[in-house]
Amino acid sequence: MDESIVPDEIVKLEQDLSDRVAGQDRAIKQFVRMHEFVLGGLTPQDRPLGVVLLVGPTGSGKTHIAETFCDIMKISLIKVDCAEFQQSHEIAKLIGSPPGYLGHKDTKPVITKEAITKRWSEPNAPKYSMILFDEIEKAHNAFHQILLGIMDRGTLTLGTNETVDLKNCIIVVTSNLGSGEVKKLLQTGGYGFVKKNEGTSVSGELALDEDIYRASKDAVKKFFSPEFFNRIDLMVVFRSLTEDVLRRILDIELKIVQDRVLKAGKFIHIDVTNRGKELLIAEGTSKEYGARHLRRSIERFLVSKITRALTTKQAQPGDMILADHEPGAKGLVLDIAKGAMEIPQPTEKPVCTAIVKKPKHAFINPEDRQAASPYRSAIDPEYCGRCGFRWYDKHLCADLTDSPLSRFRKKMDERRLKS
Ligand SMILES: Nc1ncnc2c1ncn2[C@@H]1O[C@H](COP(=O)(O)OP(=O)(O)OP(=O)(O)O)[C@@H](O)[C@H]1O
Ligand SMILES: [Mg+2]
């Protein structure tokens with residue numbers, strides 16, 4: 001067998017995840033592997049598709065990777081915040097109360113058949129879902145017992161005695177256990193952020209990695225019962241964020257800010273100078289809160305100013321905002337270049353919802369990841385249900401790749417490349 005042959009879908013998923021989750025390559029690989037197992041149909045029949053434990057410092061991307069995976073795969077994510085189940089009586093919030101109890105009608109269970117299968121009828125949707133139990137160590141022991149049943153049999157019995165089948169679910173459990181020990185091991189850094197030690201050799205890093213893994217595993221083993229630990233298929237230890245990773249996260253977050261502006265219907269190009277980025281990094285580096293602090297710094301220094309520029313109409317569609325930090329000054333200053341961008345107009349072509357019989361069209365560009373994925377029409381599988389062109393694998397939907405938004409993005413990219 002040639003092991004270098006990897007399905008396109010898997011390569012693309014890994015790439016898409018790496019574009020949005022920085023510095024957690026091992027975790028990315030495991031999520032991708034899980035999807036490949038599902039794709040290959042070799043998952044267990046009598047349990048959930050997989051049970052994964054993610055441990056690591058706060059703000060290092062544990063919840064983020066699960067959310068991003070579901071967003072890319074277009075699968076439902078049912079999030080259970082375990083901190084809400086610190087008392088045994090709070091279990092009713094998870095499974096609903098038995099009939100006849102006071103308040104029975106108000107306590108709707110979180111995990112239901114409807115919630116799990118919600119997206120399965122969408123075209124080309126994978127027929128599985130993810131349940132995320134966030135910060136498991138905060139939950140009461142009675143909650144752990146319920147989770148044990150889920151991990152073991154892939155079923156959950158609700159207060160109404162109805163059984164919910166969870167065999168088509170990936171169970172992800174996150175925890176901060178062991179972060180304290182890891183912090184000590186890293187010495188220089190701390191929670192969620194660590195300065196890169198330039199002098200560390202590869203073998204030294206591997207040994208450190210091994211120590212971190214062991215410390216985390218010991219902490220988890222100490223906290224949970226052996227039954228619990230034994231039911232976990234996979235444990236991934238998240239790394240503390242290095243300065244390089246934080247810079248990558250900054251770029252990811254700035255793209256998200258740009259998207260928010262575009263989604264608000266404003267064709268405004270946002271750019272931040274290197275000095276501006278340095279300020280955001282300096283203000284957003286937190287030993288305690290990991291990347292969360294960086295997001296706060298972006299909101300405080302950049303988004304609030306952009307908002308003011310928009311509400312006062314100082315920045316309008318077609319403008320370009322350049323955020324800079326002048327040495328000695330406080331915060332960022334926005335420079336607005338009026339009319340620097342061309343506002344793309346919608347094309348004559350209407351967005352196609354019905355089937356239009358057109359011949360095969362030359363829209364092949366599987367590399368273009370911004371384009372929405374086409375799907376076979378339910379009415380006539382010979383044609384794409386989205387753009388109406390004759391179906392063939394990996395075509396791009398004409399109307400979507402040619403939308404004003406995508407043309408604006410292209411223009412922004414061209415500008416960035418030039419500068
Ligand atoms: N590795 C990463 N790549 C990209 N963004 C990240 C990464 N880590 C954190 N972030 C950003 O920081 C935010 C907070 O991260 P997240 O909620 O995943 O932390 P966590 O590891 O689950 O922490 P906690 O243990 O406190 O729940 C995310 O929403 C995301 O925007
Ligand atoms: Mg989290």
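Table for the structure above
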read-out: Rounded accessible area of residue 89 (nearest 10 Å², 1.4 Å probe); value: 140
read-out: Mean accessible surface per residue for segment 245-319, computed with a 1.4 Å probe while every protein chain stays in place, in Å²; value: 53
read-out: Prolate/oblate/rounded label for segment 1-54 (Cα gyration tensor, a/c 1.5); value: oblate
read-out: Nonlocal amide H pairs with residue 242, under 5 Å, H built at 1.01 Å; value: 194
read-out: Carbon + sulfur, % of accessible area of segment 243-328 - ligands and nucleic acids excluded, 1.4 Å; value: 50
read-out: Accessible-area value, residue 248, 1.4 Å probe, nucleic acids and ligands omitted, Å²; value: 110
read-out: Around residue 117: net Lys/Arg minus Asp/Glu count, Cβ-Cβ under 15 Å; value: +2
read-out: Length added when fully stretched, residue 140-residue 120, from 0.36 nm per residue minus Cα-Cα; value: 4.0 nm
read-out: For segment 1-127, Kirkwood radius (reciprocal of mean inverse C-alpha pair distance, Å); value: 17.2
read-out: Compactness of segment 266-315 - radius of gyration and Dmax, Cα, Å; value: 12.4, 38
read-out: Nearest-10 value in Å² for the accessible area of residue 128, using the 1.4 Å probe; value: 10
read-out: Nonlocal amide H pairs with residue 285, under 5 Å, H built at 1.01 Å; value: none
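The values are calculated or read from the model by the stated rules, or taken from the named source; none is laboratory data. Every value quoted in this text rests on a predicted model; they were computed, and no experiment measured them. Note that we place each Cβ from the backbone using ideal geometry, even for glycine, and neighbour counts take in every protein chain shown. Please note that ligands, DNA and RNA were not included when accessible areas were found on the heavy atoms of the full protein model with its side chains. Shrake-Rupley method; radii C 1.70, N 1.55, O 1.52, S 1.80 Å.
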